[in-house]
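Written below as structure tokens is the structure these notes are about.
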Amino acid sequence: MRFRRQVSDHPMLVSDTSDNATHPPSSDSTIAEHISEDEVADSPLAGQAEVEPKRQDDPALAHGDDIVPETRGANGLSRAETSPGRPQRRLSTMSTRSRLSATIEINKVLLKDRIMRFTASWFTVIMGTSIINSLAYLLPWTSTHAGLRVFGLCFLIASSFLFIVFSILTIARYILFKGIFLVALRHEVHALFFGAIPMALATIAVGIALQGDGCGLPGAIDAGAGLWWSSFLLAAATATVVPWVMFTEHNHSEVALTATWLLPVVPLQTVGSAGADIAELLASRRPGYAFTILISSYIANGVGLLLCLFILTLYFQRLVLHHLPGREVIVSTFLPLSPCGQGAAALINLGRISTTIFPEMARRHPDSQYLALLAQTALPLYGAGLAFGLMLWGLGIWWLALAVVSVSRSYWKRDVVFNMGWWAFTFPCGSLCLATLAIAESLDSIFFRVIATMLAFLVLFTWLLVAVPTSYGWATGSVFISPSLDHLPPILPVRISANSRKRHRALRHARLRGHKG
């Protein structure tokens, strides 16, 4: 198994003979601006004498990107004849879209080009990073608690910093390039990764609460609870809006189904699992607030778990009928570990914490017979959660075995091309480790403690495996790929390319004049 660098098969990146190959476009552009005849004439598209022929095997045409727009002025007249003596031609946006969505190199790109290609899949980096903090904090070996918690704190600080940076880049992307958000939401793959945002925020929220409580920081638990509510709202929105768009806008098929369908709904389970830890920290100080978070976590985990089971049923059928997915997405076979691990951890921890919060609420409200009855259900609820948690943990181990065999079969004695999908290794394995830690605490089992420790080291190893090429790809620009840009409305690629090209020429001439002066 050999690693090789990811390269693009787009012809525009391999043999671009236009002026743009020598002078790359600047990214100082906005989509909302109008273009003039000279801008269209000077754009890289004007160098193409004819419309590129449509080929059935062209990836740029896979989703109907063979539209050839006719640029019109404010009076509605065609601008096909841009200047006297210029041959009449039509403008094809196919290669421009390919250029916008394709991989980039650092010596050919400015900040706005990175922003334009920055997708929600980058938040999977935060998920995989912040979950290491939770594992390091919760590992049961008391003799190493101090060192492990400092180690986990480093990952928490890093993930918090990355979340701030990625949030700024995401907001800037949708403000600077108007129209891209709806295009991304309607993309069959890109839209699924919006679920990574609330999952990243939920893991950071619980990390702040745990580390802040351990360090004795006042207000850390309340800050974590506030972030948790934000992740709760984002998870609810993602689990509702993205499936609705899948029902109404996307064109999915059974053969193209992958485990990434889980991404929009798993955040509800992550929120439920994180809410259990926050409710436990609040139980002795503010039991009423903890009770509210506990009930909300039960609801979120229940909805997310049931939806994930529906999707896993479809995914199992797809694997049986159409076999394993391709090598490019084979890493997604690890994703079923997330609903199994997060669901098991949530059920067990919520049941255990209910044995503390429910009796406390009944004690504080002695006149309420309903709370008295609720207190009696705490132990049965804990037992049921432990039983179902063990079932989900076993299902997760089964999916883990299948994923390891599937990935090994696909990559054995073959070149391995890194992509951002490799972050599917870290968070799912970390979720299964969280479930193992919950079982170990409930059963007081040394066996599950050892298994949890082994899984924690596996998560750290996979994090190192993907963090190094991700850092290299960030520096070189080789991981900045946005397939959803292939589906921009016809005129938008022309505007982006034309405006960028014109500004780049102006900057180049200004620099030349400065050197001559």
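The values are calculated or read from the model by the stated rules, or taken from the named source; none is laboratory data. As the structure is a prediction and not an experimental result, all values here were calculated from the model. Glycine gets a Cβ as well: all are built from the backbone with ideal geometry, and neighbour counts include every protein chain shown.
Only residues that are among the acidic types (Asp, Glu) and part of a helix (DSSP H, G or I) were counted across region 353-376, and they come to 1. Restricting 305, 309, 294 to those that are touching a Ser or Thr at 6+ places or on another chain (Cβ under 8 Å) and modelled with pLDDT of 95 or more reduces the list to 294. Need the failing condition index for residue 144 against (1) surrounded by 15 or more Cβ atoms within 10 Å (Cβ to Cβ); (2) within 22 Å of residue 451 (Cβ to Cβ); (3) not hydrophobic (A, V, I, L, M, F, W, C), just the number. Just one mismatch for residue 144, condition (1).
Criterion first (touching a helix residue (DSSP H, G or I) at 6+ places or on another chain (Cβ under 9 Å) and within 30 Å of residue 152 (Cβ to Cβ)) does residue 198 satisfy it? Yes; evaluated as a whole, the condition is true for this residue. Scanning region 291-304 for residues that are surrounded by 20 or more Cβ atoms within 10 Å (Cβ to Cβ) and without any contact (Cβ under 8 Å) to a residue 60 or more places away in the chain yields 297, 298, 301. Quick one: in region 228-244, which of the residues that are touching a Leu at 6+ places or on another chain (Cβ under 6 Å) and of a type outside the set (Ser, Thr, Tyr) is surrounded by the most Cβ atoms within 10 Å (Cβ to Cβ)? Ranking the candidates gives 235 first.
Checking each residue in region 177-214 for being farther than 18 Å from residue 262 by Cβ and charged (D, E, K, R) picks out 178, 186, 213.
Of the residues making up region 170-181, those that are exposed (fewer than 14 other Cβ atoms within 10 Å of the Cβ) and assigned to a helix (DSSP H, G or I) are 171, 175.
Take residue 475 and decide whether it is over 16 Å from the mean Cα position of the chain (by Cα) and within 21 Å of residue 385 (Cβ to Cβ). For residue 475, the condition - over 16 Å from the mean Cα position of the chain (by Cα) and within 21 Å of residue 385 (Cβ to Cβ) - is not met. Assess whether residue 431 counts as being within 23 Å of residue 456 (Cβ to Cβ), part of a helix (DSSP H, G or I), without any contact (Cβ under 8 Å) to a residue 12 or more places away in the chain and of a type in the set (S, T, N, Q). Here the answer is no, as residue 431 does not meet what is asked. No other residue among 243, 264 is under 20 Å from residue 339 (Cα atoms) and assigned to a helix (DSSP H, G or I) apart from 243.
Quick grid of which residues meet (1) out of contact with any helix residue (DSSP H, G or I) (no Cβ under 7 Å at 6 or more places or on another chain); (2) in the same structural domain as residue 247 (by TED's automatic domain parsing); (3) part of a helix (DSSP H, G or I):
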{"site": "159", "(1), (2), (3)": "no, yes, yes"}
{"site": "164", "(1), (2), (3)": "yes, yes, yes"}
{"site": "168", "(1), (2), (3)": "yes, yes, yes"}
{"site": "184", "(1), (2), (3)": "no, yes, yes"}
{"site": "187", "(1), (2), (3)": "no, yes, no"}
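Per the conditions (1) modelled with pLDDT of 95 or more; (2) under 26 Å from the mean Cα position of the chain (by Cα), the sole criterion not satisfied by residue 466 is (1).
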